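Below is one structure, written out as structure tokens; comments come after it.
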Amino acid sequence: MSRTWVTPGGVHPPENKHQSLTQPIGQLPIPEKLIIPLSQHIGAPATPCVEIGQQVLKGQVIAQATGVVSIPMHAPSSGTISAIEHRPIAHASGMLAPCIEITTDGADTWIEHEGISDYEHISPSKLIEMVGNAGISGMGGAGFPSAVKLNPGRQRPIDTLIVNATECEPYITADDSAIRERAGEIIEGIKILSAILDHPTNIMIGIEDNKPEAIAALAPHVEDSGISVVVFPTKYPSGGEKQLIYILTGKELPTGKLPADEGMICINIGTTYAIKRAVIDGEPLISRVTTVTGDAVGTPRNYDTLIGTPVRHLLEHNQFDEQAGGRVIMGGPMMGFTLPSADVPIVKTTNCILAPSYAEIPDDDPAQPCIRCGMCAEACPVSLLPQQLFWYAQAEEHDRLEAHNLFDCIECGACSYVCPSNIPLVQYYRAAKGDIRKAREEKVKSDHARERFEFHKERIEQAEREKEAKRAARREATQQAKADHLAATANGSAASSAPATATPASAVSSSSAADIIAAAQARAAAKQANPEDQRAKLERTIASAEQRLKMAEEKLAEAINDDSGKQDKLSAAVENTRQKLEQSKSKLAELAE
Ligand code: SF4
Ligand code: SF4
């Protein structure tokens with residue numbers, strides 16, 4: 001039996017998992033409308049490649065990946081594209097985001113698709129490409145595109161593949177039920193991952209001891225496979241990447257380091273199933289197992305749910321009793337959030353819809369002052385100081401929050417759970433992280449704009465220095481030509497009595513240069529003939545230039561403020577006008593002398 005390590009902190013909330021495990025994974029009727037958000041993953045949102053009114057087949061690409069960290073979206077069922085617009089998405093704020101709506105035709109007709117069974121003979125890069133094209137992102141966490149996660153593994157040697165079968169949050173049984181019913185396909189997916197990663201020496205499935213049926217289901221499939229199922233005591237939270245790595249290997253992942261930096265890849269067990277379907281069956285990720293539970297639903301169970309299914313559709317097919325509980329939570333009671341609307345769709349990371357009754361999970365009592373009991377610090381699995389973080393978050397002391405490793409917080413909510421004063425600690429941390437990220441983005445933007453402005457200013461000054469050097473060279477050349485002309489004239493008088501000889505070419509050229517200079521001097525003298533006219537003209541030029549400079553400076557300030565991308569052009573215009581103004585002013589000063 002493999003050794004395991006014990007993480008600090010943690011809590012043991014009531015599990016409440018049995019309710020949704022009394023029936024096998026179910027299927028819902030196809031919803032009339034499917035709403036597919038273009039960003040269901042970390043990275044750039046996908047770009048629609050369909051039009052309103054277009055017919056689509058199940059599995060057809062409806063939005064292309066945009067950039068390296070992005071994945072495509074596929075139609076979860078056949079039908080017609082009926083809208084491409086902003087819709088409410090799964091977010092605590094009720095925010096809107098771009099979505100594609102499909103009005104389904106009920107036929108559920110697949111696009112032509114084909115997988116490969118002999119993946120051992122396919123190159124890792126081709127397998128990664130298949131994973132990327134299938135739109136697979138992590139299904140247990142923040143939704144990191146799996147193809148991107150698997151790439152560093154190929155550049156850096158990976159000796160440990162950790163499959164995360166830890167489902168520590170109360171109520172959620174999506175992975176547990178999937179393992180019970182799909183263990184063979186899950187292990188096939190792990191073998192594909194092993195081929196991609198050049199067969200790591202250590203492949204472990206980490207699972208808690210409260211899932212004996214799932215553990216038993218895996219056992220026959222891992223025999224002689226080199227894959228070990230590592231069972232450890234149940235505690236919340238154990239499913240975080242860092243926590244699971246520590247439990248299984250005893251290694252602490254330093255802040256800012258990725259598992260790949262330590263030769264490890266950690267992947268959710270639901271994702272391994274999606275990888276099997278993508279490679280062997282040629283199917284993109286268009287559905288996932290989602291737990292529907294809580295006392296306010298009549299039949300708690302797991303469903304193989306089409307991505308894009310409105311939460312309302314799930315509730316309607318589960319006898320949701322709105323009187324018993326008005327709240328609908330996406331995720332579990334510890335890390336989930338209350339949905340502002342049941343119209344939001346299921347996405348690739350939705351593992352649970354929890355509709356508790358008021359008796360089951362009462363509304364939070366009002367928060368009381370902190371009594372400095374220290375229970376939050378004891379519960380923290382990351383050994384942070386939640387009480388101090390709370391004070392700094394209240395005071396918006398960003399530097400201190402960062403110095404106290406706010407970004408190591410995995411937002412597990414264990415501190416809030418134990419707090420006798422009912423302080424919603426984790427909500428303060430989430431808000432503080434959001435504020436810090438926003439401030440960082442704004443600083444990067446303004447630094448960028450300033451650098452561009454200074455770089456442009458330097459370029460203009462450099463151009464002016466070069467112009468001045470050319471002017472000086474021309475002045476020197478003119479003086480030299482004058483001197484040559486005078487010398488030639490003097491020589492000509494002396495030589496007029498001498499016998500005629502052939503005229504040297506240099507003499508001709510200096511003579512014509514002198515003529516040009518003389519003509520220019522005459523023109524300049526003519527221009528200077530009327531100083532009054534000149535002064536009036538210069539004054540008009542100055543007044544006009546001052547007016548233009550003022551307007552150009554205002555426009556530049558606006559452009560810098562809006563970061564409109566016109567800063568360079570406007571900055572050049574300001575500099576140009578300023579130079580003209582200075583020149584006119586200095587000419588006017590010369591005239592006055
Ligand atoms: S658990 Fe609550 S009351 Fe106790 S120290 Fe932490 S924040 Fe204060
Ligand atoms: S939410 Fe953050 S601070 Fe609170 S226990 Fe979890 S990791 Fe620690």
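The values are calculated or read from the model by the stated rules, or taken from the named source; none is laboratory data. All of these numbers come straight from a predicted model, not from anything done at the bench. Note that each Cβ is placed from the backbone with ideal geometry, even for glycine, and that neighbours are counted across all protein chains shown. What goes into the accessible areas is simple: the full protein's heavy atoms, side chains included, and nothing from ligands, DNA or RNA. Shrake-Rupley method; radii C 1.70, N 1.55, O 1.52, S 1.80 Å.
Which numbered condition trips up D365, out of (1) more than 25 Å from the chain's Cα centre (by Cα); (2) more than 14 Å from M334 (Cα to Cα); (3) open to solvent by 70 Å² or more (accessible area, probe 1.4 Å); (4) within 11 Å of ligand 2 (Cβ to nearest atom)?
(4)
What do you reckon, is G106 more than 20 Å from the chain's Cα centre (by Cα) and either part of a helix (DSSP H, G or I) or not aliphatic (A, V, I, L, M) (or both)?
Criteria met by G106.
Which condition breaks for I436 when tested against (1) surrounded by 15 or more Cβ atoms within 10 Å (Cβ to Cβ); (2) away from ligand 2 (no atom under 16 Å from the Cβ); (3) more than 30 Å from V6 (Cα to Cα)?
So the condition that I436 fails would be (2).
Cβ-Cβ under 7 Å, sequence separation 6+ or interchain: first residue in segment 405-428 and free of Cβ contacts under 8 Å to residues at least 40 places away in the same chain, partner more than 10 Å from ligand 1 (Cβ to nearest atom) and among the acidic types (D, E). Which pairs?
V426/E411
Quick check: is even one residue across segment 398-421 within 10 Å of ligand 2 (Cβ to nearest atom) and either acidic (D, E) or touching a His at 6+ places or on another chain (Cβ under 7 Å) (or both)?
Scanning segment 398-421 turns up at least one residue that is within 10 Å of ligand 2 (Cβ to nearest atom) and either acidic (D, E) or touching a His at 6+ places or on another chain (Cβ under 7 Å) (or both).
Which residue pairs have Cβ atoms under 6 Å apart, sit 6 or more places apart or on different chains, and have a first residue in segment 560-587 that is free of Cβ contacts under 8 Å to residues at least 24 places away in the same chain and a second that is open to solvent by less than 40 Å² (accessible area, probe 1.4 Å)?
If the second residue must be open to solvent by less than 40 Å² (accessible area, probe 1.4 Å), the pairs left are K566/A559; L570/L556; L570/A559; A573/A552.
Quick check, is V148 of a type in the set (A, V, I, L, M, F, W, C) and surrounded by fewer than 24 Cβ atoms within 10 Å (Cβ to Cβ)?
yes
Here is a yes/no grid of residues against (1) under 30 Å from E411 (Cβ atoms); (2) away from ligand 2 (no atom under 16 Å from the Cβ); (3) buried (at least 16 other Cβ atoms within 10 Å of the Cβ):
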{"residue": "H18", "(1), (2), (3)": "yes, yes, no"}
{"residue": "I30", "(1), (2), (3)": "no, yes, yes"}
{"residue": "I35", "(1), (2), (3)": "yes, yes, yes"}
{"residue": "H41", "(1), (2), (3)": "yes, yes, yes"}
{"residue": "C49", "(1), (2), (3)": "no, yes, no"}
{"residue": "V56", "(1), (2), (3)": "no, yes, yes"}
{"residue": "A63", "(1), (2), (3)": "yes, yes, yes"}
{"residue": "M73", "(1), (2), (3)": "yes, yes, yes"}
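A379: touching a residue at least 12 places away in the same chain (Cβ under 8 Å), among the small types (G, A, S) and more than 22 Å from E252 (Cβ to Cβ), yes or no?
Here the answer is no, as A379 does not meet what is asked.
For segment 372-393, how many residues meet the condition of being within 10 Å of ligand 2 (Cβ to nearest atom) and open to solvent by less than 20 Å² (accessible area, probe 1.4 Å)?
8
Test each condition in (1) open to solvent by 80 Å² or more (accessible area, probe 1.4 Å); (2) over 26 Å from E468 (Cα atoms) for D563 and report the one that comes out false.
With respect to (1) open to solvent by 80 Å² or more (accessible area, probe 1.4 Å); (2) over 26 Å from E468 (Cα atoms), D563 is out only on (1).
Which one is nearest to the chain's Cα centre (by Cα) among residues in segment 401-412 that are in a helix (DSSP H, G or I) and more than 16 Å from ligand 1 (Cβ to nearest atom)?
Within segment 401-412, the match that is nearest to the chain's Cα centre (by Cα) is F407.
On the basis of being open to solvent by 100 Å² or more (accessible area, probe 1.4 Å), outside any loop (DSSP other than H, G, I, E, B) and either of a type in the set (D, E, K, R) or in contact with an Asp or Glu (Cβ under 6 Å, 6 or more places away or on another chain) (or both), does E575 make the cut?
When the stated conditions are applied, E575 does not pass them.
Okay, residues lined up against (1) open to solvent by 20 Å² or more (accessible area, probe 1.4 Å); (2) at pLDDT 95 or above:
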position	(1), (2)
I275	no, yes
V279	no, yes
E283	yes, yes
T290	no, yes
R327	yes, no
T338	yes, no
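So which residues in segment 373-388 are near ligand 1 (Cβ under 10 Å from one of its atoms) and not aliphatic (A, V, I, L, M), if there are any at all?
C373, G374, C376, E378, C380, P386, Q387, Q388
Could you tell me whether segment 424-433 includes any residue that is open to solvent by less than 60 Å² (accessible area, probe 1.4 Å) and either in a strand (DSSP E or B) or among the basic types (K, R) (or both)?
yes
Of everything in segment 413-423 that's open to solvent by 30 Å² or more (accessible area, probe 1.4 Å) and part of a loop (DSSP other than H, G, I, E, B), which residue is nearest to ligand 1 (Cβ to nearest atom)?
P420
Name the residue, out of D198, D224, that is on the phi > 0 side of the Ramachandran plot, in contact (Cβ under 8 Å) with a residue 24 or more places away in the chain and either open to solvent by 10 Å² or more (accessible area, probe 1.4 Å) or of a type in the set (K, R) (or both).
On inspection, the qualifying residue turns out to be D198.
From the list A367, A403, A379, exactly one residue is closer than 19 Å to G256 by Cβ and of a type in the set (A, V, I, L, M). Which is it?
A403
Looking at (1) within 11 Å of ligand 2 (Cβ to nearest atom); (2) modelled with pLDDT of 95 or more; (3) among the aliphatic types (A, V, I, L, M), which one does I353 not meet, given that it meets all the others?
Going through the list (1) within 11 Å of ligand 2 (Cβ to nearest atom); (2) modelled with pLDDT of 95 or more; (3) among the aliphatic types (A, V, I, L, M), I353 breaks only (1).
If only one of E396, E468, E454, E476 is under 30 Å from E241 (Cβ atoms), open to solvent by 60 Å² or more (accessible area, probe 1.4 Å) and not polar (S, T, N, Q), which one is it?
Just a single option satisfies the conditions, and that option is E396.
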